[in-house]
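S.K.: Provided herewith is a single structure, encoded as structure tokens, for subsequent inquiry.
The values are calculated or read from the model by the stated rules, or taken from the named source; none is laboratory data. Keep in mind that this is a model prediction, so the values were computed, not measured. For neighbour counting, all protein chains shown are included, and Cβ atoms are generated from backbone atoms with ideal geometry for every residue, glycine included. Note: areas computed on protein heavy atoms with side chains; ligands, DNA, RNA excluded. Shrake-Rupley method; radii C 1.70, N 1.55, O 1.52, S 1.80 Å.
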Amino acid sequence: MHLDPLAIVTAFGLIFLAELPDKTMFASLAMGTRMRPLYVWFGTSTAFVVHVAIAVGAGSLIGLLPHWTVKLVSALMFGFGAFMLLRGGGDDDNEDEAGGRTVTGFWPVYSTAFMAVFISEWGDLTQITTANLAATNGTWSTAIGSAAALMSVSALALVAGRFIAKKVPLKTVQRIGGVCMAGLALWSLTEIFTG
């Protein structure tokens with residue numbers, strides 16, 4: 001098992017920025033107002049780890065393709081990610097995902113949080129980006145960086161979500177993430193011709 005610190009930091013940074021304006025952050029915030037935040041965090045974190053494992057597995061399969069094909073797929077996926085982040089969207093981010101009922105007890109809260117994230121993250125930008133990074137930057141480094149980023153965003157939402165939503169414009173976070181992904185798309189295209 002080879003760990004690349006730069007790949008871990010890259011995965012963490014990209015996934016963190018992509019997940020900040022995502023509906024999952026707001027779902028965590030909403031659930032945290034009605035349920036024990038630590039139980040919610042355990043549930044969301046477990047769902048994120050499962051999704052990272054699936055994405056890294058898919059990325060490993062992509063990594064078996066010829067080098068230029070992997071770089072082209074990476075460029076296209078990063079380009080798609082940049083488009084999704086820069087186009088805006090996410091008008092439904094403030095929807096109350098937890099409903100009006102209070103859930104108590106570890107297992108009910110854990111399973112509610114797990115299912116909310118597990119269902120909503122299928123085909124999400126962060127899952128696609130994780131698969132893409134795993135294809136080019138290594139599976140373990142990408143898995144560690146991506147899982148840490150997703151779990152950090154969930155913790156941040158539970159601890160300081162209201163403050164962030166009021167003080168930091170999520171459009172700004174989206175734009176920064178979009179520009180980073182566009183840069184990585186160009187870098188991947190360049191590597192086709194230079195590598």
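S.K.: Ignoring ligands, DNA and RNA, how do Leu186, Leu65 rank by accessible area with a 1.4 Å probe, largest first? Don't jump to the answer; show the numbers that get you there.
M.R.: Values: Leu186 115, Leu65 80 Å².
I get Leu186, Leu65, largest accessible area first.
S.K.: Could you derive backbone 3J(HN,Hα) for segment 38-49 from the dihedral phi with the Karplus parameters 6.51, -1.76 and 1.60 (θ = phi - 60°), listing whole Hz in sequence and x where the residue is Gly or Pro?
M.R.: For segment 38-49, the Karplus curve yields 5, 5, 4, 4, 4, x, 5, 5, 4, 5, 5, 4 Hz.
S.K.: How many nm separate the modelled label positions at Arg87 and Ser120, each set 7 Å beyond the Cα in the direction of the Cβ?
M.R.: Simple spin-label model gives 2.1 nm for this pair.
S.K.: Continuing with this model, one more query. How many nm is it between the label spots at Trp140 and His2, if each spot is 7 Å from the Cα in line with the beta carbon?
M.R.: Going by the 7 Å Cα→Cβ label model, 1.1 nm.
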